[in-house]
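A short worksheet on the structure shown next.
Derivation of every value follows stated rules applied to the coordinates shown; laboratory data play no part. Predicted model only: the values in this text are computed from it and were never measured. Because the Cβ atoms are built from the backbone with ideal geometry, glycine has one as well, and the counts that use them run over all protein chains shown.
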Amino acid sequence: MGTKCKFKNGKQVFSSDAQMLSGGTISTNQQIVSSTTETVLVSETIYGNTFDATTMGFRVTLAGEISANAGSDITLTLRYGTTDILALATVTLAAEDDKQFKYECLGRIHTTGATGKIVASSRIDIEQGTPLMFAADTAAAGVTANLTADGSLNVTGHWDASNANSDIIAMIGFIEFFN
């Protein structure tokens with residue numbers, strides 16, 4: 001079975017034929033040090049009307065190191081354009097230095113168009129003294145987003161309070177699209 005590809009603005013348009021397409025990647029470490037300012041960790045531009053089928057899925061993966069001041073929280077937000085799809089917040093991290101973390105989000109385009117729906121679920125695993133796992137999802141109803149407009153699928157992060165001992169470094173990160 002051959003894969004049918006269409007192109008728009010030099011980008012492949014995702015069709016309903018089975019395929020795996022790579023999206024954005026981290027080419028240099030992305031770091032949030034002691035900042036309550038939202039910072040983009042990984043992003044991929046999506047042209048309007050790119051999603052042909054409601055079977056389109058995506059996976060966002062980030063991995064790296066996290067250090068935290070005792071009681072610090074970090075929030076990672078998945079967004080399409082200006083629409084928040086979901087926010088995953090940690091709860092009271094222990095004081096730790098340079099511990100491994102992995103963030104993964106799986107999502108699916110539920111409906112397309114100006115009132116398209118995106119459903120997603122994410123989790124972060126942190127290998128600190130006692131390993132931690134935090135998770136969030138959009139629920140079955142999903143989130144409404146204008147999929148006819150150009151936008152970007154991205155993950156941003158920020159700390160709940162500025163503290164010199166709190167930072168996160170995303171060393172590996174990518175966005176994959178598939179159907």
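Taking packing as the residue-averaged number of other Cβ atoms within 10 angstrom, the listed peptides 165-176, 108-119 run from highest to lowest as 165-176, 108-119.
Here the dipole of segment 23-178 is about 460 debye; that uses its Cα centre as origin and unit charges on the Cβ of Lys and Arg (positive) and Asp and Glu (negative).
Be a star and scan segment 83-100 for residues whose amide nitrogen sits under 18 Å from the point 7 Å along the Cα-to-Cβ vector of Thr36. It comes to 89-93, nothing else. Length gained on full extension, Asp84 to Asp97: 1.7 nm, using 0.36 nm per residue less the C-alpha separation. For segment 144-160, the residues whose backbone nitrogen is under 13 Å from a point 7 Å from the Cα of Thr111, taken along Cα to Cβ, are 144-147.
For segment 43-51, putting each phi into the Karplus relation 6.51 cos²θ - 1.76 cosθ + 1.60 with θ = phi - 60° gives couplings of 8, 9, 6, 10, 7, x, 6, 6, 7 Hz, in residue order, rounded to whole numbers and with x for Gly and Pro.
Once both labels are positioned 7 Å from their Cα atoms along Cα-to-Cβ, the gap between Ala149 and Tyr47 label points is 1.9 nm.
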